[in-house]
Amino acid sequence: FVLGEAWIPLELIRDGDASPVVAGAFVSAGAVGWLLGALAQTRFPHGNPALRGRAMRIAATLLVPLLLVSGLGTARGWLPLGVLAAFWFVSGLCGGLIVTSVSVLIFGPYELSDHPSPAAAMQSGEALATATTLALAAVVFQLTASRVGEDAAFLLVLSLPGAAGVLTAMSARTTVRELRRRQHSPLHIKCPPQREPS
């Protein structure tokens, strides 16, 4: 989603002759979808991580084709901007549902006083993954655009991380099952005590 957010508006401006205002409105459609996806996951029962996990897998599976269609429609120019914005809105909806659900699943088995430790790990992981993905995508795009054309390079940049995201979501089944077992356990997880600096 972050790659699409970075590359699709660039393609709209460079090849689609869209103004920066129009490209910004396109990105805003995804942001509104993200907000609504985050709000939608608050309706899931807190004690049912399996339901949340299924919703995450469905959203991740939908997100990849939506990204690819949005990317291809932008690169080839065969989709009207309104349709692209609708696809991007649904992509944001899926992204907001996934990311906020991951947060709930991570924090679920921990006591409130132990939240800073997983929160720091999650934020660090997200920042590192985003920066690394954007950097690698730029390198891949430059290396492949001259050989196979910009359209193919553009789709490659969007499809590889998307496929990895689907595989990650599918492999989360065991983790969700373990989290459900822990949430039904009378004991909460305790983070290891922090050592005082010497």
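Key figures
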quantity	calculated
Packing-based ranking, highest mean first, of 31-38, 89-96 given that Cβ atoms within 10 Å are counted	89-96, 31-38
Solvent-accessible surface ranking, highest first, for Ile98, Ile13 at 1.4 angstrom	Ile13, Ile98
Accessible-area order (highest first, 1.4 angstrom probe) of the listed residues Arg43, Arg181, Arg54	Arg43, Arg181, Arg54
Built amide H within the under 5 Å cut-off of Ala18, gap 5+	Ile13
Val32 paired with Leu143, simple spin-label distance in nm, labels 7 Å along Cα-to-beta-carbon	3.9
Where only C-alpha atoms are counted, convex hull volume of region 1-151 per residue in Å³	117
Region 16-85 shape via C-alpha gyration tensor axes, a/c threshold 1.5	oblate
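The values are calculated or read from the model by the stated rules, or taken from the named source; none is laboratory data. All values derive from a computational prediction rather than experimental measurement. Cβ coordinates were reconstructed from backbone atoms using ideal geometry, including for glycine residues, and neighbour counts include every protein chain displayed. For the accessible areas, the whole protein counts, side chains as well, though only heavy atoms, and no ligand, DNA or RNA atoms are used. Shrake-Rupley method; radii C 1.70, N 1.55, O 1.52, S 1.80 Å.
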